[in-house]
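A short worksheet on the structure shown next.
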Amino acid sequence: MLKKCNRLRKHSAIIATYKQKNIASDAYLSIYFGKEKTDTTTPVKIAFVVSKKIHKRAVVRNKIKRLMRESFRLILRNNVQADINKYVSIVCVAKTKSLSANYSSIDCSIKKLLGVNA
């Protein structure tokens, strides 16, 4: 589970992140980046979205969110130098191909999109 200070909870904040149109994507995920930080002490806030169009069952959607959340949690815990620390908010959206993905492929995808060198 992510720390409370790293969770992006408000719907209006998620919509504002979408409107910035800073997108990185591959076969498994799309990552939307919000505004760049002016104050480096504020933590980055992250939201995970898996649409009902991906799969009808909530159990399957929650599994994909758990995989993405764990990957981000380890990146934040290890204080890896990446583009993740430049932004105020990040929204991670799953694609249909992520249904058949395991943790290692989701993790590699996230690290590639964020530019993590670890």
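The values are calculated or read from the model by the stated rules, or taken from the named source; none is laboratory data. Quick caveat, the model's predicted, so the values are computed rather than measured. So basically every Cβ, Gly included, is an ideal-geometry build from the backbone, and we count neighbours across all protein chains shown. With ligands, DNA and RNA removed, areas are computed over all heavy atoms of the protein, side chains included. Shrake-Rupley method; radii C 1.70, N 1.55, O 1.52, S 1.80 Å.
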Could you look through region 71-80, keep only residues that are closer than 13 Å to Asn6 by Cα and of a type outside the set (Phe, Trp, Tyr), and pick out the one that is farthest from the chain's Cα centre (by Cα)?
Arg77
Residue ID - farthest from Lys63 (Cα to Cα), chosen from residues in region 34-52 that are assigned to a loop (DSSP other than H, G, I, E, B) and open to solvent by less than 100 Å² (accessible area, probe 1.4 Å)
Asp39
Near pairs, Cβ below 7 angstrom, 6+ apart or cross-chain, from region 1-17 (assigned to a loop (DSSP other than H, G, I, E, B)) to any residue that is surrounded by 15 or more Cβ atoms within 10 Å (Cβ to Cβ) and not β-branched (Val, Ile, Thr):
Leu2/Arg69; Leu2/Phe72; Leu2/Arg73; Leu8/Lys45; Leu8/Ala47; Leu8/Ser89
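If you scan region 23-39, which residues turn out to be without any contact (Cβ under 8 Å) to a residue 24 or more places away in the chain and either of a type outside the set (A, V, I, L, M, F, W, C) or at positive phi (or both)? Outline the logic, then answer.
Here is the first cut: in region 23-39, the ones without any contact (Cβ under 8 Å) to a residue 24 or more places away in the chain are 23, 38-39.
Matches in region 23-39: Thr38, Asp39.
Across region 53-77, what is the number of residues that are part of a helix (DSSP H, G or I) and either aromatic (Phe, Trp, Tyr) or over 14 Å from Tyr28 (Cβ atoms) (or both)?
Let us first name the residues in region 53-77 that are part of a helix (DSSP H, G or I), namely 58-77.
Pick out the ones that are also either aromatic (Phe, Trp, Tyr) or over 14 Å from Tyr28 (Cβ atoms) (or both) and you get 58-62, 66, 69-70, 72-77.
Of the residues in that region, 14 qualify.
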Hits in region 73-114 (condition: among the aromatic types (Phe, Trp, Tyr) and modelled with pLDDT of 90 or more):
Tyr103
Pairs with Cβ under 7 Å, 6+ apart, first in region 56-71 and closer than 20 Å to Cys108 by Cα and modelled with pLDDT of 95 or more, second open to solvent by 60 Å² or more (accessible area, probe 1.4 Å) and not in a helix (DSSP H, G or I)
Arg61/His55
So Val49 ticks every box in (1) within 17 Å of Ile23 (Cβ to Cβ); (2) touching a Leu at 6+ places or on another chain (Cβ under 6 Å) but one. Which box is left unticked?
(2)
